[in-house]
Amino acid sequence: MASHVFAGCYERFIFGFVVPPGSDDVPEEPGTLARMFTFAAHKHAVKCVASCGPYVASGGADDTIHLYDVQAPTAA
């Protein structure tokens, strides 16, 4: 099963990546990140990012919280 990685940056963007599972032949081999989405999420720096199930939340220095549905890349 693939894993997901989410990150925010001071340039106001949040990023979502998919990490495919490693090969069964070489389980120690790390997967390659594939970009899933990029959002210009806030007017100022992204200060935190959290995920649960299909949702990602981001909080910014602009005092707002945004919710995203990872399965449909639009603000929830």
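What follows draws every value from the coordinates through simple rules; no lab data is involved. Nothing here was measured: the structure is a model prediction, and the numbers come from that model. Counting neighbours? That spans all protein chains shown, and the Cβs are built from the backbone with ideal geometry, glycine included.
Multiplying the residue separation of ARG35 and CYS9 by 0.36 nm and subtracting their alpha-carbon distance yields 7.9 nm. Net charge of the neighbourhood of HIS66, taken over other residues with C-beta under 13 Å away and scored Lys/Arg +1, Asp/Glu -1, is 0.
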